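Shown next, in structure tokens, is the structure this report addresses.
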Amino acid sequence: MTRILPGVIAMATIVVASNILVQFLFGQWLTWGAFTYPFAFLVTDITNRLYGTGAARKVVFAGFVVGVICSFIGTRIIGEFGPLVTLRIAIGSGLAFLTAQLLDVAIFDRLRAGKWWRAPVVSTLFGGSLDTAIFFTIAFSTSLTFLEPVNDVSWAGEVLPLLGAGPEVPLWVSLAVADWLVKLCLALAALIPFRLIVGKLSQNTA
């Protein structure tokens with residue numbers, strides 16, 4: 001457990017920071033949390049590369065527990081428009097995190113013998129895409145209103161041009177696409193710290 005403690009702490013920090021920063025808007029389509037949460041995949045991939053799938057899954061489950069705690073606290077804090085975290089957001093967030101991170105672990109493991117960059121890039125792209133799809137669909141799609149009838153998400157269904165310039169789609173689709181694009185960019189940018197951190201820690205454990 002001691003060897004993965006830094007990963008557990010890093011994952012917990014990212015999850016807590018993202019849950020706080022998601023309350024603050026960055027432009028029209030994003031929140032600040034969109035820029036911190038994707039680094040959870042970096043933590044998972046580093047742990048996976050250094051210590052294997054078992055250790056990576058432990059880090060993921062630690063992050064999931066922290067996320068559940070954050071969601072519970074958020075449901076108890078009342079903001080201007082009601083609880084900061086609704087039931088749909090809590091379900092979407094937890095399910096998206098756990099499913100996407102475990103997919104990331106599995107794909108990374110399948111590709112770990114290839115070129116060093118292939119496993120983190122492919123696993124993060126697939127995991128991040130699944131994360132975005134699950135979260136935004138559960139949290140804001142009008143087809144899932146039955147999950148929490150008292151939660152009015154009609155604002156997210158307003159039909160507008162995609163990202164302000166494309167074909168007309170529900171607002172939540174634009175939010176999801178913007179979130180996914182950030183994950184795509186950060187997956188590529190994270191290759192630098194991935195390479196440096198794995199190289200440094202591999203030397204220390206050699």
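The values are calculated or read from the model by the stated rules, or taken from the named source; none is laboratory data. On a predicted model such as this, the values are computed, not experimentally measured, just so you know. Backbone-built Cβ (ideal geometry, glycine too); neighbour counts: all protein chains shown. Side chains included, ligands, DNA and RNA excluded: accessible areas come from the protein's heavy atoms. Shrake-Rupley method; radii C 1.70, N 1.55, O 1.52, S 1.80 Å.
Details
- If you go through the range 178-195 and keep only what is in contact with a Ser or Thr (Cβ under 6 Å, 6 or more places away or on another chain) and over 15 Å from Ile46 (Cβ atoms), you end up with Asp179, Trp180.
- The listed residues are Phe135, Phe108, and the only one of them that is open to solvent by 30 Å² or more (accessible area, probe 1.4 Å) and in contact with a helix residue (DSSP H, G or I) (Cβ under 6 Å, 6 or more places away or on another chain) turns out to be Phe135.
- Pick from the range 153-198, criterion among the aromatic types (Phe, Trp, Tyr) and in contact with a helix residue (DSSP H, G or I) (Cβ under 6 Å, 6 or more places away or on another chain), ranking: least open to solvent (accessible area, probe 1.4 Å): Phe194
- Count of residues meeting criterion [within 22 Å of Ala12 (Cβ to Cβ) and open to solvent by 20 Å² or more (accessible area, probe 1.4 Å)] in the range 83-105: 10
- Per the conditions (1) in a helix (DSSP H, G or I); (2) at pLDDT below 95, the sole criterion not satisfied by Ala178 is (2).
- Scanning the range 79-117 for residues that are hydrophobic (A, V, I, L, M, F, W, C) and either more than 23 Å from Ala62 (Cβ to Cβ) or in a loop (DSSP other than H, G, I, E, B) (or both) yields Phe81, Leu84, Val85, Leu87, Leu111, Ala113, Trp116, Trp117.
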